[in-house]
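Attaching a single structure in structure tokens format; questions to follow.
The values are calculated or read from the model by the stated rules, or taken from the named source; none is laboratory data. Treat the numbers as computed from the prediction; the structure is a model and nothing was measured. Note: ideal-geometry Cβ built from the backbone for every residue, glycine included; neighbour counts use all protein chains shown.
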RNA sequence: GCUGCUGUAGCUCAGUCGGUAGAGCGCGUCCUUGGUAAGGACGAGGUCAAGGGUUCAAGUCCCUUCAGCAGCUCCA
């Protein structure tokens, strides 16, 4: 007997052989039909799993039971995982020689990785879905059984499922017994849980196919990953598909092109953004806004060049560490190779000469050496022949070495800057610093270049030249807490100013077991405590991620949710104990001895490219007045009022507005339609009546015709809206985001 | 970078079996001079991503390159 406590507190008794589904049956036939899975003491299990298999023998306290139906998001994950099995079964029926890899659930559905001889194409989806429908209609149950590992191994070998065999021997080698699920002819190694039978899947769809690798390893066997999704109802599925359509309509690449915001041209380079006038206006407005705010908060704007000597980034550690994702250094001279070789050889000769008794013999060798060098360096290029001549002209080894060393020292290589911090560190270092001058806050919209893998590039969201709204705060360890607090406050202010209110913070701290971190134990402890304290005090929603800290310090990332419910990682605040060390930064403390400052990197927008890209999608292109590249379109009723409209446009520009006069030969309706489609916040119609009265007929993009008002009144109205940075409307998606599923089922 | 898919006018797309390139929107000119989401007529616009191959003949079939998309892997 097992005692089972229901959510309402009632206790019922069940046999060990009975299952949650049996309990549901006792409570009512409708409930039984609705049950998809169960939770016993918080663990999600098959609804048909007997209590005896789940509850430890001899348990006499009542176990808590929740019956999961389509009202519980946990059940959605179970449903989807079962749908993944159904899809795999369908694929195995349709394609011979399918090898199954993993088939877990994801936030919005599921996938299954297959190894099969021919590629699955989108044209195949209909057939796969039809086969899935047959399986669902048959409504066969999912039956669980366990096998001891040896039997499980031979069982999978019998099924010719090599990946499963490998997985049992690898990732699951600690498991003494292994779970399987059978559904008709289909059997899969799986820990479950599953829904009672396939008939419970009311809505599903094969979504896309893509490449993947066994165990996510680039070198691993290539697989085909078939994505699908499943929902409790057709309605939920349709809502989900509609949301995907909405996201497509909002795609910043589409809107950016249509609205003339930016352009990326293969002749310029992949991932290099051309900011067209309208996009540049949005970015410029944001930059101006932020810069003003920064100055108010004691930051000092600086500028630094786009390139610097390679050695700067060798000092900072960026070049050696991220070499693969940087543009190659400039000024690579192929002559360097032979010069270095000869330099090393000459040093040997020199040492030999000074140590040797037979000085003449060494000198004889040196003669041969000159010949060899002429062949090697002299014949290399015009530059090489000049250099070789100079080297030959030097009689002593010291002299030759000097000439080569001088040449080598002149071979400066330069790198497009991958980070702004080394430049700012050098600014810090440009003069002695006292604790009295700290914190020093250097701010720059600094463009950095990173050679991201071609497959990663994505419109403005992932680019190869990006402009960080960067700043570096150099402060004493005691000041870290206050600086972090101020930075949080600033980031908050900035996000709220563009109408982003839904965000959370991820605090990334050390993995206490790892030794990959730089900086003293004490510094880390203080820093993490300070960050956590400030975050707690701030009342912000934050989670701590252990082991996610950078090797040089803890960080706090801002995760922002947009109008479609998608989460974006934007701003970041990072503490750094490493760079001050590497650059030997110091300040003189009150005790008149040198100390090492702490550096804080922070970027509330992240990068201008990514931030503006996100904003385009968030607003669906309909920017609030203060950000709109074109704020007002002045519409003369006919050519007769063109001049009046011009005058009004000029006045609006004088008043600081971005206004354009539409003098096309078209009817008012057509001009209005065009302005509406261009998402212009306000239209000022100027006809003979308005011209005579010094007025404009204001049309609001959102509200429509507001009637005529004196130009001054209209200006005041709009100015108030700009000054308050009012966000009047965030284009809402037509549907609400559908709940995401729970944990992934990995096998 | 890897796997798969795609590339036709400024944009969105059609183009059958390999046989001289099409539409809508946009653009230009003219007519029209208008009151809150499309007035009309005419016209210009193409090395079918680039290069190579097969063929009497290639937008169409094959190969290579480039670019884009989706996913994987990466992200200071």
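Say we look at the stretch A:284-324 and pick out the residues that are more than 16 Å from RNA strand B (Cβ to nearest atom) and not in a helix (DSSP H, G or I); which of these is nearest to residue A:723 (Cα to Cα)?
My answer is A:297.
Take the residues in the stretch A:632-657 that are within 38 Å of the chain's Cα centre (by Cα) and either assigned to a helix (DSSP H, G or I) or crowded, with 16+ Cβ neighbours inside 10 Å (or both), then tell me which one is nearest to RNA strand B (Cβ to nearest atom).
So the residue we want is A:633.
Continuing with this model, one more query. Look at residue A:206 and say whether it is in a strand (DSSP E or B), crowded, with 16+ Cβ neighbours inside 10 Å, within 16 Å of RNA strand B (Cβ to nearest atom) and modelled with pLDDT of 85 or more.
So residue A:206 passes the test.
Quick one: which of A:194, A:175 is assigned to a loop (DSSP other than H, G, I, E, B) and without any contact (Cβ under 8 Å) to a residue 60 or more places away in the chain?
A:175
Residue under question is residue A:223, and the condition is that it be within 16 Å of RNA strand B (Cβ to nearest atom), under 35 Å from the mean Cα position of the chain (by Cα) and surrounded by 16 or more Cβ atoms within 10 Å (Cβ to Cβ); does it hold?
Answer is yes for this residue.
Also: Can you tell me how many residues in the stretch A:150-185 are within 21 Å of residue A:47 (Cβ to Cβ) and surrounded by 20 or more Cβ atoms within 10 Å (Cβ to Cβ)?
3
Could you identify the single residue in A:75, A:33, A:83, A:90 that is surrounded by fewer than 15 Cβ atoms within 10 Å (Cβ to Cβ), closer than 22 Å to residue A:133 by Cβ and either modelled with pLDDT of 85 or more or in contact with a helix residue (DSSP H, G or I) (Cβ under 9 Å, 6 or more places away or on another chain) (or both)?
Exactly one of A:75, A:33, A:83, A:90 is surrounded by fewer than 15 Cβ atoms within 10 Å (Cβ to Cβ), closer than 22 Å to residue A:133 by Cβ and either modelled with pLDDT of 85 or more or in contact with a helix residue (DSSP H, G or I) (Cβ under 9 Å, 6 or more places away or on another chain) (or both), namely A:33.
If the requirement is being assigned to a strand (DSSP E or B) and in contact (Cβ under 8 Å) with a residue 24 or more places away in the chain, which of these qualifies: A:163, A:180, A:125?
Within the list A:163, A:180, A:125, the selection yields A:180.
Still on this structure, please answer the following. Just a yes or no: is a residue in the stretch A:659-679 within 13 Å of RNA strand B (Cβ to nearest atom), in a loop (DSSP other than H, G, I, E, B) and under 30 Å from residue A:562 (Cα atoms)?
yes
Does the stretch A:109-149 hold any residues that are modelled with pLDDT under 85 and loosely packed, with under 12 Cβ neighbours inside 10 Å, and which are they?
Across the stretch A:109-149, the qualifying residues are A:117, A:118, A:119, A:121, A:122, A:123, A:126.
Separate question: Of the numbered conditions (1) farther than 25 Å from residue A:486 by Cβ; (2) surrounded by fewer than 16 Cβ atoms within 10 Å (Cβ to Cβ), residue A:295 fails exactly one; give the number of that condition.
Failing condition for residue A:295: (1).
Right, something else. Answer yes or no as to whether residue A:542 is within 12 Å of RNA strand B (Cβ to nearest atom), farther than 22 Å from residue A:442 by Cα and over 16 Å from the mean Cα position of the chain (by Cα).
For residue A:542, the condition - within 12 Å of RNA strand B (Cβ to nearest atom), farther than 22 Å from residue A:442 by Cα and over 16 Å from the mean Cα position of the chain (by Cα) - is not met.
Moving on to the next point. Working only within the stretch A:608-631, note down all residues that are within 13 Å of RNA strand B (Cβ to nearest atom) and either closer than 24 Å to residue A:447 by Cα or in contact with a strand residue (DSSP E or B) (Cβ under 8 Å, 6 or more places away or on another chain) (or both).
Result: A:609, A:610, A:613, A:617.
Separate question: Considering the stretch A:680-699 alone, what residues qualify as being more than 9 Å from RNA strand B (Cβ to nearest atom) and closer than 14 Å to residue A:631 by Cβ?
A:680, A:681, A:682
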